[in-house]
Each structure stands twice: as structure tokens, then as C-alpha cells.
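Enquirer: First the structure, which I've put down as C-alpha cells, then a few questions once you've had a look.
The values are calculated or read from the model by the stated rules, or taken from the named source; none is laboratory data. Source: prediction; values computed, not measured. Heads up, the Cβs are rebuilt from the backbone with ideal geometry, glycines too, and the neighbour counts pull from every protein chain shown.
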Amino acid sequence: MNARASTVPLCARRPVAAGRHRLAVAARIAAAGLGGYALAAFFTTTVALLVRTPREEAAALGAVPSFLLFAGAVVWAFAARTPARAWLGVGLPALALAAATWWLARGATP
């Protein structure tokens with residue numbers, strides 16, 4: 001094995017590959033942060049609209065497990081094989097919960 005080749009960083013050997021890698025990591029960070037936040041927020045509102053308790057209790061009941069859901073979304077974003085799968089794995093459930101929130105909010109009475 002050539003000792004000289006192993007000491008050169010990957011970004012110095014392949015600058016295009018390093019740029020793609022950085023873009024993939026940035027996409028995963030965005031999926032984890034933005035997608036995870038949307039997923040947790042829509043989960044909280046959906047649970048709060050489904051539960052027939054006072055507003056404060058319903059909001060707390062939805063907010064507590066949303067922290068675990070957010071953490072799971074972060075893990076998923078970095079465990080997925082590609083950034084596109086990371087976005088799909090976080091984005092599709094968030095869109096489903098957004099639709100459920102919209103549908104439940106239409107029928108909710110103040």
C-alpha cells in the first residue's frame with residue numbers, strides 16, 4: 001500500500017466528490033431539522049385535535065411524544081441510504097399528518 005496516497009485527504013483527491021458529499025450532508029441536516037420539526041408539529045396538532053380533553057391537556061398530550069418523534073426523524077434522516085429517502089421518510093408522514101390536521105380542523109368547533 002502506498003503510504004503517501006493514504007495521507008492525502010479525500011477532498012484533495014476528488015474535489016467534485018467532496019462537494020457532492022457536503023451537499024448530501026446538508027440535505028440530510030435540512031431533512032432532520034426542517035422535516036423533523038414539521039413532523040413533530042403536525043403530530044402535536046393532530047393529537048390535540050383528536051383527543052377529547054381540555055385544550056391544555058390535549059396540547060400537552062400531543063407535545064410530549066412529539067419529542068421522541070423528532071428524535072426519530074433525526075435518526076432516520078442520517079440512517080437513510082440516500083438524502084432523497086431521508087426526505088421521503090420524513091416528508092411523507094409530515095404531509096399525511098398535515099392533511100389530517102387540516103381535515104380535523106375543518107370540523108372542529110371553537
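Enquirer: Which one is nearest to VAL25 (Cα to Cα) among residues in the range 37-64 that are touching a Phe, Trp or Tyr at 6+ places or on another chain (Cβ under 8 Å) and modelled with pLDDT of 95 or more?
Expert: Within the range 37-64, the match that is nearest to VAL25 (Cα to Cα) is TYR37.
Yes/no matrix, rows are residues, columns are (1) closer than 13 Å to ALA40 by Cβ; (2) in contact (Cβ under 8 Å) with a residue 40 or more places away in the chain:
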site: LEU61; (1), (2): no, no
site: VAL64; (1), (2): yes, no
site: PRO93; (1), (2): yes, yes
site: THR101; (1), (2): yes, yes
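Enquirer: Considering only residues that are in a helix (DSSP H, G or I) and surrounded by fewer than 21 Cβ atoms within 10 Å (Cβ to Cβ), which ones fall in the range 49-62?
Expert: In the first step, residues of the range 49-62 are kept if they are in a helix (DSSP H, G or I); the result is 49-50, 55-62.
Answer for the range 49-62, where residues must be in a helix (DSSP H, G or I) and surrounded by fewer than 21 Cβ atoms within 10 Å (Cβ to Cβ): LEU49, LEU50, ARG55, GLU56, GLU57, ALA58, ALA59, ALA60, LEU61.
Enquirer: Further, regarding this structure: If a residue has to be of a type in the set (A, V, I, L, M, F, W, C) and over 19 Å from ALA32 (Cα atoms) to count, how many in the range 49-90 make the cut?
Expert: 7
Enquirer: Tell me, which residue of the range 65-94 that is of a type outside the set (A, V, I, L, M, F, W, C) and surrounded by fewer than 12 Cβ atoms within 10 Å (Cβ to Cβ) is farthest from ALA31 (Cα to Cα)?
Expert: Our first condition is that a residue be of a type outside the set (A, V, I, L, M, F, W, C); within the range 65-94, this holds for 65-66, 72, 81-83, 85, 89, 91, 93.
After this cut, where a residue has to be surrounded by fewer than 12 Cβ atoms within 10 Å (Cβ to Cβ) as well, the list is 81-82.
On the way: ARG81: 13, THR82: 11 Å.
Among those that are of a type outside the set (A, V, I, L, M, F, W, C) and surrounded by fewer than 12 Cβ atoms within 10 Å (Cβ to Cβ), it is ARG81.
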